[in-house]
Amino acid sequence: MNSVTYNIPAGMVAAYRGRQVVVRSHDPAEIIQHLSDDDLDNVQYIQLLSPYVAPETLMLLANWGRDVRLDIVIRHPALEFPLLYNFSRLLDKHPIRASIAVKPGFAKAVRLALALKFAVKLEIEQPEPALIEEMAEVLDLYLHRPNVSQPVEYFHSIFLSLYQQEPATLWVVQEEDPEYFRFVTDDGVETVSPRFAGVDPKNKTIARSEESLEARPLEVIECDTCEFLKCCGGYFKWPNRNFSCEGVKTIFGTLNGAAVELRADLATYAALHGGASHDEKSFVGDLSSNK
Ligand code: SF4
């Protein structure tokens, strides 16, 4: 049976004791107050819902007894990105990830997060064409800048999946697969993620679209003929099934092209050096553990 991780408000730690959790709050002090040392063994990471945290409150995290992964939610990247600087002092103690909403100006926030050595997760919905350009810019940064040492999700996991030709879907990478993740609302209702408020986690039809496929058998469903269905799983057809995937497919295409190119380069290297399986394994290992 798969282990499920629950994203819970800090006030519900006691109710979810013994289960794998992500503990969220706007206030680091509230998180620290509710978590005992024993609880920390089951904490995947703690999530700050806003980067507006007073310096003295940040010091609480800096002086907290245990190193715990910290996720900072950036909902308004064009406005909030300078606040990321305030968290750099915590990096000695806590691995940090910035979860950045894909909204106009988000590339600037990604650049700063990466410069500060934070991992990045793109919080993406159904991006407009203008955002696809900005995503392509960030993807180029991730793929081609040697000074980028931290992963940018979802690019990183999908690239590895395409390179290794092993399955991984956006639902898992984005922590929205109900087999593995549940988001518990402030009212205690279990759902899939904040995007899916009101959707029963057991309703697997969301893994393809917001309606079951049987509901419209005569329609040609874009996902069924999409070359990226295996790694996307229909992620971009929710909530609006009529969303045009032209833009997001170019992003998948670039990731796939880079994966194919890397495989070809390593095969050439192996042929020239009489087999380089060790080099290849260590290279992929580096990719998996870091960028
Ligand atoms: S990219 Fe669009 S069409 Fe392709 S699988 Fe994803 S949601 Fe479906």
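No value in this document is a laboratory result; all are computed from the given coordinates. Nothing here was measured: the structure is a model prediction, and the numbers come from that model. Cβ placement follows ideal geometry from the backbone for every residue including glycine, while neighbour counts extend to all protein chains displayed.
Before moving on, here are some points about what is shown:
- Applying D = kT/(6 pi eta Rh) to the stretch 5-153, where Rh is the Kirkwood radius over alpha-carbon pairs, T corresponds to 25 °C and eta to 0.890 mPa s, the Stokes-Einstein value obtained is 154 µm²/s.
- Additional length obtainable on full extension of the chain from residue 137 to residue 115, 0.36 nm per residue less Cα span: 6.4 nm
- Taking a Cβ cut-off of under 14 Å around residue 59, the surrounding Lys, Arg, Asp and Glu residues balance to a net charge of -1, with basic ones at +1 and acidic ones at -1.
- Here the residues 135, 59, 12, ranked from fewest to most Cβ neighbours within 10 Å of their Cβ, fall in the order 59, 12, 135.
- Helices assigned as whole DSSP H runs in the chain whose Cα atoms extend at least 30 Å along their own long axis and whose mean Kyte-Doolittle hydropathy is 0.5 or higher are found at 246-272.
- Neighbour counting of Cβ atoms within 10 Å sorts the residues 110, 184, fewest neighbours leading, into 184, 110.
- Fewest-first sequence of 125, 222 by Cβ atoms within 10 Å of each Cβ: 125, 222
- Working from the Cα coordinates of the chain, the gyration tensor eigenvalues give, after taking √(5λ), semi-axes of 31, 26, 19 Å in decreasing order.
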